[in-house]
Structure formats: C-alpha cells, structure tokens
C-alpha cells in the first residue's frame with residue numbers, strides 16, 4: 001500500500017495511509033481536491049457537530065490565504081445556534097462578539113449567494129458592523145462569505161478574511177469555488193446531524209404520524225414548502241420568486257427596501273414580512289411619508305411633548321415608539337426632504353430618538369421596512385437623497401414584479417376581486433371565459449390596483465350575471481387608462497401608439513411602468529393599443545419585445561444613444577448596456 005504525507009488535520013505530524021485511487025490525485029498537488037478530502041474526513045468523524053465545525057475552520061488556513069475564519073449555523077428561527085472560529089473551539093453566538101457581523105450574515109442569508117468584499121473599510125453598507133474588528137480601519141482586510149445551504153434551504157454561513165498586501169492576489173474566484181464546496185459539505189453534515197438528533201428524541205405515534213425513512217427526512221430538510229401569504233394571489237414564477245425571498249428575509253431583522261411600480265402591493269408584502277417574522281405578535285405600524293409635511297412627519301414619527309407647538313395639548317407617542325418591538329413601514333421613503341433625512345438617519349443608526357419638544361432620549365427596537373417607486377439611485381446622484389441613508393435602508397432590496405410580468409395571475413386576481421364584490425354587494429356575478437381572456441391581454445399600467453378598479457367598475461355596471469367582453473369599458477371606447485395616457489401623450493407632443501411605444505409605453509419623461517427598476521429587461525410587454533377601433537389606448541394589444549422597442553427608439557433617435565435614452569426615459573449608460581445585452585449593432589452614419 002502506498003504512503004504519503006498526511007494533509008493538515010488536528011494531529012499534524014502523524015502519518016496516514018491513503019486509499020490507492022487517491023494517491024495519484026493527491027500527489028499531483030491539487031490543493032482543492034486534497035482540501036475537500038481532508039475536510040470530508042473531519043466532517044464524517046464520530047464527534048460532536050460543534051467540534052467538527054471548529055476543526056473545519058482550523059484546517060482551512062492550510063489550503064487558503066486567510067487571517068481568520070468562522071462558521072455560523074442558524075436555528076429554525078434564523079438566529080445563530082452554533083458558531084465556531086479558528087480562535088474558539090466552540091462559541092455560542094449569544095453572549096459573545098459575533099464571529100460574522102450581523103449585517104453581513106443577514107445579507108448572505110437573504111441573498112443565498114457568495115459575498116466578496118475586497119476591502120471592508122471601503123464597503124459602506126457593512127462598515128459600521130465590521131468596524132468593531134480590532135484591525136478594521138488600520139489594515140486593509142478582504143472578506144469572503146459563503147451561504148451554507150442544502151438545496152434552497154439556508155442553514156448558515158461560512159466566512160474567511162485576509163489581510164491585503166502587495167503579495168496576496170486579489171483574485172477570489174478560486175477561493176469562492178473552494179469555499180462553496182466546503183459549505184456544501186458542511187450543510188449536508190448539519191442536515192444529517194439534525195435528522196439523527198430528531199430520530200433520537202422520543203415521540204408519540206400522534207406526533208410522529210407514519211414512519212419516514214432517512215431519505216424522506218433528508219428530502220424534507222432540503223426542500224421548501226410552497227409559500228402562501230394571505231392577501232397575495234398568484235402562481236406566476238415572478239411572484240413565487242418574490243415570495244421565496246420574503247420568507248427568507250422575514251426570519252431576520254434586516255432592513256428591507258420594497259421597490260416597484262405603483263399598485264404592485266408593497267404594503268401587502270410588508271405585512272407578509274411582518275407576519276412571517278418573530279415580531280408577528282407585536283405591532284405593525286405604517287406611515288405614508290409623501291402625505292405629510294416635514295414638521296408633521298417629524299411629529300408623527302418621533303412623537304411630541306405637551307406644548308411643543310401650537311395645538312400640542314398632550315403628550316403623544318410617535319410611530320417609532322408604537323412600533324417598538326415590532327415592524328415599521330415607511331411608504332414613499334423617497335419623498336422625504338433632505339433635512340428630515342438626517343434626522344431619520346440618526347434614529348436608524350443609533351436606535352434612539354427624542355420627542356419633538358422633549359429632552360429625554362428613548363431607545364427603540366424596530367424592524368424597518370421602506371417602500372418606494374422612485375429611482376433612489378438617480379436621487380442620490382442628483383443630491384436629493386442622502387447616500388448614507390440610501391445605504392442604511394437598502395440592505396435587502398426586493399423588486400416587486402408589475403402585473404404585466406405575472407403571466408397567468410390576472411384571471412386569478414380578477415376572480416378574487418369579483419368574489420369580494422359579490423360578498424359586499426350580495427351579488428352572484430361570474431366572468432365568461434371570453435371576458436377573462438380579454439382582460440388577460442390588458443396592460444394595466446396601474447397594476448393590481450387598476451385591475452381591481454376595472455373589475456369593480458365592470459361588475460357594478462354589468463347587466464347580467466355573466467360578465468362578457470362587451471361589459472368592459474375598453475370595448476366601448478371608455479377605457480380610463482386610454483384617457484389618462486392619451487392626454488399625457490398630447491402634453492408631451494406624442495400621439496397614439498407611437499408616443500406610447502417611444503416612452504416605454506409611457507409619456508416621455510415619465511416611468512410609471514419601467515420594467516425592473518433601473519433599465520430594460522427581456523420580458524415581453526404589450527404595445528399601446530386600446531381596441532380595434534382606437535389605436536391610442538395603452539391598455540391592450542399585441543405584444544412586442546424589449547429588443548424591438550429598443551431598436552424602434554434608436555431608429556427614431558437616428559441611432560444616437562443619448563436621444564434614445566431620452567425617448568425611453570433611461571440613461572445613456574443603460575441604453576448602451578441594453579444594446580450590448582441584446583446584441584444590437586449601432587449603425588453609424
């Protein structure tokens with residue numbers, strides 16, 4: 001039997017006999033294969049899970065350039081259950097310094113993808129958390145974080161950090177690939193450990209139900225149950241993806257930024273995050289920032305003391321106090337003034353505030369959810385929104401899909417709205433199949449809110465129990481969307497279908513339904529056509545791809561990207577990126 005030097009392990013210096021098939025692989029200097037082999041032996045050793053994880057972190061420096069490493073395993077509630085580092089054999093996360101900063105851990109868990117920070121001192125979203133490190137701010141440190149998961153279930157995170165100098169290369173691809181394999185092994189080990197722990201616990205027949213095999217238990221550990229949230233209707237892939245993200249994010253206390261067009265249901269999703277979180281039994285408080293002046297907004301959020309201003313006849317608690325221990329939704333966050341942004345930033349950073357007219361500092365524990373349909377990146381560039389506040393609220397952004405991207409959801413939503421109408425008005429209306437087919441072709445720039453209004457209006461005016469296509473306003477040249485956007489087109493010097501198509505189906509200079517926030521996408525969208533008799537209505541019509549729309553805008557602009565960007569209400573940079581992505585060659589004259 002051939003022998004070779006043993007790779008690094010707990011008993012460094014001993015010798016071990018490798019199996020014959022591995023001798024050639026290990027002798028070729030393949031560090032990744034050798035590292036995985038050593039780590040697999042550690043993870044399959046008959047020791048406690050905590051010891052296994054500590055040994056994994058202790059072995060990693062033999063295969064990677066690193067200063068320190070950590071493994072954090074989360075419990076069912078999303079809280080750290082086991083934490084191990086190279087300096088600690090076994091460290092419970094509670095009661096000690098976090099091995100992975102909270103903001104970074106939440107980011108990795110929420111995204112479910114590797115996180116690489118080449119220099120933590122230059123990473124503003126996580127700088128506050130990482131500044132607690134003894135070397136932060138003096139020595140440049142790089143950070144690599146990998147989610148520990150089985151299939152789509154996030155179990156924790158694996159991380160390393162290293163000191164950056166002129167010798168160490170800043171290429172992290174190989175390290176990310178290696179650590180991803182390590183995290184996969186750790187995830188399988190944690191999952192198997194939990195299955196075995198559960199099997200050892202005595203359970204009654206009523207608790208256990210039918211006996212499950214180990215394979216069935218492993219499958220249950222690895223798979224997500226379908227996410228169902230009251231008030232959110234649909235089965236489209238775009239909606240399911242958002243719901244899966246919501247279910248993961250809800251388990252943490254990370255700040256969430258809900259982005260999307262008006263009428264996409266941002267408040268419903270905020271409530272869903274609250275109901276799925278550990279704060280579900282505490283208050284859910286909401287406030288529309290756009291509806292209030294700066295002075296009133298300050299009083300509403302922070303509260304006021306008696307006599308603080310004219311009309312303050314008694315002490316009043318603000319929304320932050322009312323939401324203490326729960327969740328606060330700040331809708332239309334992009335509309336607050338720059339002066340008030342500074343006041344809000346202090347509360348978010350320090351978790352403390354003073355009522356208007358008061359001097360007592362109050363501590364609050366609030367999970368913040370912000371919502372906006374505004375382009376915050378453009379607002380930051382233009383100086384109307386503070387960059388530090390942007391980074392503070394943009395921890396976990398979730399983009400809600402517009403109704404046109406939720407294929408197949410329109411009939412389900414329409415039936416749900418009609419059922420509600422029937423209950424409220426004691427009616428027994430139903431859609432004819434042709435009626436559902438008709439509205440499924442509609443564009444609905446106002447998204448779910450406009451669809452609800454359309455159903456309610458049609459049901460109110462319906463003359464029989466079965467709603468047919470002739471009952472809809474769009475078939476009678478009375479479409480409200482058509483009236484709205486036709487006037488907007490005339491105001492901008494456009495008319496009919498050309499004006500709608502030129503502005504991404506919106507008037508030039510506005511972006512009421514600009515696909516994903518920040519640019520063009522590949523999704524198919526309807527052109528602005530009303531009914532067969534009126535080509536100016538943007539509600540219904542044939543569908544055209546974003547590529548065709550981009551080519552159309554470039555042709556109208558004489559293939560000048562800056563002009564096409566103005567037509568599409570985008571930036572020249574976004575147009576240039578879209579041209580490259582779609583493989584469109586720019587014509588030169």
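The values are calculated or read from the model by the stated rules, or taken from the named source; none is laboratory data. Bear in mind the structure is a predicted one, so any value in this text is a computation, not a measurement. Methodologically, a virtual Cβ is constructed for each residue, glycine included, from the backbone with ideal geometry; neighbour enumeration extends over all protein chains shown.
Numerical summary
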item	result
Region 312-339, subset surrounded by fewer than 22 Cβ atoms within 10 Å (Cβ to Cβ) and in a strand (DSSP E or B), residue nearest to the chain's Cα centre (by Cα)	331
Positions within region 398-449 being in contact with a strand residue (DSSP E or B) (Cβ under 6 Å, 6 or more places away or on another chain) and closer than 21 Å to residue 264 by Cα, in sequence order	398, 399, 404, 441, 442, 443
Some residue of region 150-164 being at pLDDT below 80, out of contact with any strand residue (DSSP E or B) (no Cβ under 8 Å at 6 or more places or on another chain) and closer than 26 Å to residue 41 by Cα	yes
Matching residues in region 271-291 - criterion: being crowded, with 17+ Cβ neighbours inside 10 Å and modelled with pLDDT under 90	289
Any hit, region 250-266, residues being free of Cβ contacts under 8 Å to residues at least 60 places away in the same chain, in the same structural domain as residue 374 (by TED's automatic domain parsing), buried (at least 22 other Cβ atoms within 10 Å of the Cβ) and under 30 Å from residue 403 (Cβ atoms)	yes
Residues satisfying the stated conditions in region 267-302, i.e. outside any helix (DSSP H, G or I), in contact (Cβ under 8 Å) with a residue 12 or more places away in the chain and within 20 Å of residue 338 (Cα to Cα)	287, 288
Qualifying residue in region 371-388 (condition: part of a strand (DSSP E or B), modelled with pLDDT of 90 or more, farther than 29 Å from residue 122 by Cα and under 20 Å from the mean Cα position of the chain (by Cα))	no
Count of residues meeting criterion [surrounded by fewer than 21 Cβ atoms within 10 Å (Cβ to Cβ) and within 31 Å of the chain's Cα centre (by Cα)] in region 419-450	5
Any hit, region 96-103, residues being surrounded by 15 or more Cβ atoms within 10 Å (Cβ to Cβ) and modelled with pLDDT under 75	yes
Selection within region 463-481 - without any contact (Cβ under 8 Å) to a residue 40 or more places away in the chain, surrounded by fewer than 20 Cβ atoms within 10 Å (Cβ to Cβ) and outside any helix (DSSP H, G or I)	463, 464, 465, 466, 468, 478
